[in-house]
């Protein structure tokens, strides 16, 4: 028995493996095609045989034949290109969905989970993002309402070279125009932060010169639960945070209210912000769900860009 192995276009496949064996016996022979795509077997006796042809990146093909005594059989194979076996995950809210996807992310990926945020009791995003290697953060007024975020040496001014996302949605009012971060939500309402550095960030939107920062909001808990946090300090500092949510049937609800206010480091400088969030997650099918979020953010602050000269600071650092 002899023959040739081709692909769909009619080109020969060199190095393909052709196997022939007799079912129910230990008889098996293996041959490889040469540069012309040819293979051959000699000395086969009369009987029924199974024959298969396989090659890298091609789907295997099997046939059954009956060989008569003294017969010279010509059997050619045409192999089809094997489809790529890869799971497709459609995930808008997160930059990665697990260890397998993380291995395919080009560049560097960092994740700060909810436990890390709670243990550190971070005052603002500056304290959180400084934990990530290669991230440089400056701030203006101390509340982190307008942070300057830079990654890997890129200028941090108004975070204009970093794409800021919330559940995969750009935070900036005009991400394709002026993406300067004159608005930034408080850290208290998030359950995790993802930071992507390297070439992989070009998948997620515009202005990704230095990287992507994605803030993750919590989902409604499976059972009704809530929490209340109240923190006070000098210079009239108040941080009050209330959240409550649960899941009833296939629908989960989460309410989150935050009030943060206080005097700045200088006289006549103050910050005050109120943040209300509502999130609804409704399951349609085991693998399908609808998520809706509603947010109201109100800020009343009095801040300044100007600094103090050395003699002014020596006279009164809070003027």
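The values are calculated or read from the model by the stated rules, or taken from the named source; none is laboratory data. No experiment lies behind these values; they were computed from the predicted model shown. FYI the Cβ positions are ideal-geometry reconstructions off the backbone, even for glycines, and counts take in every protein chain you see.
Is it true that residue 279 is under 26 Å from the mean Cα position of the chain (by Cα), outside the structural domain of residue 175 (by TED's automatic domain parsing) and touching a residue at least 60 places away in the same chain (Cβ under 8 Å)? Yes: the conditions hold for residue 279.
Candidates 196, 164, 203: the one that is buried (at least 17 other Cβ atoms within 10 Å of the Cβ) and over 27 Å from residue 254 (Cα atoms) is 196. Among the candidates 145, 133, 174, 180, the residue that is more than 15 Å from the chain's Cα centre (by Cα) and crowded, with 18+ Cβ neighbours inside 10 Å is uniquely 145. Just for segment 106-117: of the residues that are touching a residue at least 40 places away in the same chain (Cβ under 8 Å) and part of a helix (DSSP H, G or I), which one is surrounded by the most Cβ atoms within 10 Å (Cβ to Cβ)? So, considering only residues that are touching a residue at least 40 places away in the same chain (Cβ under 8 Å) and part of a helix (DSSP H, G or I), the one surrounded by the most Cβ atoms within 10 Å (Cβ to Cβ) is 117.
Restrict the check to segment 304-319 and report whether at least one residue is more than 24 Å from residue 222 (Cα to Cα), surrounded by fewer than 16 Cβ atoms within 10 Å (Cβ to Cβ) and in contact with a helix residue (DSSP H, G or I) (Cβ under 8 Å, 6 or more places away or on another chain). Yes: segment 304-319 contains one or more residues that are more than 24 Å from residue 222 (Cα to Cα), surrounded by fewer than 16 Cβ atoms within 10 Å (Cβ to Cβ) and in contact with a helix residue (DSSP H, G or I) (Cβ under 8 Å, 6 or more places away or on another chain). For segment 170-184, a residue qualifies if it is touching a residue at least 24 places away in the same chain (Cβ under 8 Å) and over 24 Å from residue 152 (Cβ atoms), and exactly one does: 183.
In segment 141-168, what residues are within 19 Å of residue 112 (Cβ to Cβ), in contact (Cβ under 8 Å) with a residue 24 or more places away in the chain and part of a loop (DSSP other than H, G, I, E, B)? Scanning segment 141-168 gives 144, 147, 152, 167, 168.
Whenever a residue of segment 118-135 is at positive phi, its partners that are surrounded by 15 or more Cβ atoms within 10 Å (Cβ to Cβ) and not in a loop (DSSP other than H, G, I, E, B), lying with C-beta atoms within less than 8 angstrom and at least six residues away or across chains, give the pairs 134/108; 134/151; 134/197.
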